[in-house]
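Worksheet: the structure to be examined is printed underneath.
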Amino acid sequence: MNKYIYSLKYIVLGAMISLASCVNDDLPDVGDLEDFTNPTPFYNSTDITSSEFDCNDVELWAKYEYSFQAGSNLAVNGTQYLWSVTPSEGVTLINKDLPILEQLIDAELATTVALEDEIAKLEFKLPCESDDAKKAVLEAQIADLEVQLESALAEISDETLQNVADLEAQIAALPDATYEDQELIFSFPGPGDYSVSLTVTDNLGKSETTEKLITVTQAVPTIPVPEIGEPSFEDNSLFDGSGDGRDSWRAPSSSVWGSVFQINSKSEEGILPDGIQAAKFPSDGTRSMYQEIEVTPGATYVLTYFSAFNLDSEGGEMRVSILKPTTSSYEESLLEANIIATRTDTSVGRVAEVFKKHAITFEAGENESVIIYGRNANDEVRVDAFDIIVKQ
C-alpha cells in the first residue's frame, strides 16, 4: 500500500513541476496577466486661511492658504504625484511640516506666547474704545501684562531655549515644497477660482488625473462675541474691578421696567452654576433684569443661562426675551413687534432649587444692539451664568 502512495506523490510532484515550467515571463501571452488597471487618484484639501482686521473691520493682512493631501487606490505599488494649478501666477508652495514645527515652538514657549496673545487682544481693543475709564483700565492691564511677559522671558530655561533653537534649525533645513510632494500647502495670491489637478503614476508607468475647482473666498472679519456685564452676578466683576453683581442689569427707569432683581449668595462655590451669587426674583413678579449689549448686524447668536424655581406655589414662570433696542417699557416688551426672540420656562416638572440650563437662539437682523430682559411670575426664581456665542 505504501508503495502506491509514494508513487502517487511523485506523479503529483512531476505534474506541478511540468506546469511551473510553462510559466515564463519572457514569453508573450504566457504566464502572468498584464495589469491593465490605472491608478485612481484623489485628494483632500483644507482651508487654513488666516487674516487680521482692525477694530473698524479694515483688513490688515490675509494669507489664503490651503493644505492638500494626495492619495490613490494603490496601497502597495510605488506611486508618483504631480500637482498643477491654473491660474498659477502668484501661487507659492509651503512645506507641510512648517506649521507643525511653528506650533511646537509655541508649545515650548507656551507661557510667553499666552501673555503676548493677551496683550495683542487688549491692544486691538484700545484704538476703538471711546470710554476714557475703560481705556485707562485697558492701558493698566497691558502695562501689567508687559511686566509679566518680561519676567516670563527672563525665566525661560536653557533647555527650552535649546529646544527652540533645534526646532528653528529644523525649519531652516526644510526642503522647498514641490509640485511632486504628496502633501503640501498652496498659498494663493487672493480670492478666486483655481483649478487644481493631481496626476498619480504607478510603478508600471500607468497614470491617471483628477481635477477639482477650488474656490478661495474673500477673508472677512471674525464676528466678535458680545460682552455681557456681570454675567454671573458676582461682586467686583465689572471691567474696572467694581460692581455689586447688578450694576450692568439696571433698567433706565425702574418705574416702567420694574426694579432690579435681588442677589442670592452662597458661602462656597459649587452650589450655584457659577460663582457664589445668583440673581433672585421674588415671587411677586415686580423685579426685572435689563441689559443692552452690542451685536453685529446679520449675525446669529445663542444665549444661554440657568434657572431654578423654589416651587412655593403653582404656575411659576421665568420669561427671558431678546428685544429690539427701541423697546421702551415692560408693556412694550410684551408686544410681538418688539420681540426678537423669547423663552418662558415654567415650574412644571421642575425640582425645587435645582438649576436647569436654557438657550435662546436669535438673529441680530439690522440691529447693532439688543436688550436682554427677564421677569418672573408666581414663584421665586433664581437665574445664573449668562453666556453668549456666535452661531457658526
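Restricting segment 203-231 to residues that are out of contact with any Pro (no Cβ under 8 Å at 6 or more places or on another chain) and hydroxyl-bearing (S, T, Y) leaves a set whose member that is farthest from A364 (Cα to Cα) is T215.
The single condition among (1) without any contact (Cβ under 8 Å) to a residue 40 or more places away in the chain; (2) basic (K, R); (3) closer than 28 Å to S187 by Cα that K63 does not satisfy is (1). Scanning segment 56-110 for residues that are among the aliphatic types (A, V, I, L, M), assigned by TED's automatic domain parsing to the domain that holds V164 and closer than 30 Å to L126 by Cα gives I105, A107, L109, A110. A single member of V30, V23 is farther than 30 Å from L213 by Cα, at pLDDT below 95 and touching a Gly at 6+ places or on another chain (Cβ under 7 Å), and it is V23. For I94, indicate whether it is touching a residue at least 24 places away in the same chain (Cβ under 8 Å), closer than 26 Å to V220 by Cα and either of a type outside the set (V, I, T) or in contact with a helix residue (DSSP H, G or I) (Cβ under 9 Å, 6 or more places away or on another chain) (or both). Taking the combined requirement at face value, the residue does not satisfy it. Y81 passes every criterion in (1) surrounded by 15 or more Cβ atoms within 10 Å (Cβ to Cβ); (2) assigned to a helix (DSSP H, G or I) apart from (2). For I322, the test of being in contact (Cβ under 8 Å) with a residue 12 or more places away in the chain and outside any loop (DSSP other than H, G, I, E, B) is passed. Would you confirm whether or not segment 146-153 contains a residue that is touching a Ser or Thr at 6+ places or on another chain (Cβ under 8 Å) and exposed (fewer than 14 other Cβ atoms within 10 Å of the Cβ)? Scanning segment 146-153, I find at least one residue that is touching a Ser or Thr at 6+ places or on another chain (Cβ under 8 Å) and exposed (fewer than 14 other Cβ atoms within 10 Å of the Cβ), so the answer is yes. Can you say whether P297 is in contact (Cβ under 8 Å) with a residue 60 or more places away in the chain and surrounded by fewer than 15 Cβ atoms within 10 Å (Cβ to Cβ), as far as the supplied structure shows? Yes, satisfied. Could you tell me whether segment 143-158 includes any residue that is of a type in the set (D, E, K, R), assigned by TED's automatic domain parsing to the domain that holds T112 and touching a helix residue (DSSP H, G or I) at 6+ places or on another chain (Cβ under 7 Å)? Scanning segment 143-158, I find at least one residue that is of a type in the set (D, E, K, R), assigned by TED's automatic domain parsing to the domain that holds T112 and touching a helix residue (DSSP H, G or I) at 6+ places or on another chain (Cβ under 7 Å), so the answer is yes.
The values are calculated or read from the model by the stated rules, or taken from the named source; none is laboratory data. What you are looking at is a predicted structure, and each value in this text was computed from that prediction instead of being measured. No Cβ is skipped: glycine too gets one built from the backbone with ideal geometry, and neighbour counts run over all protein chains shown.
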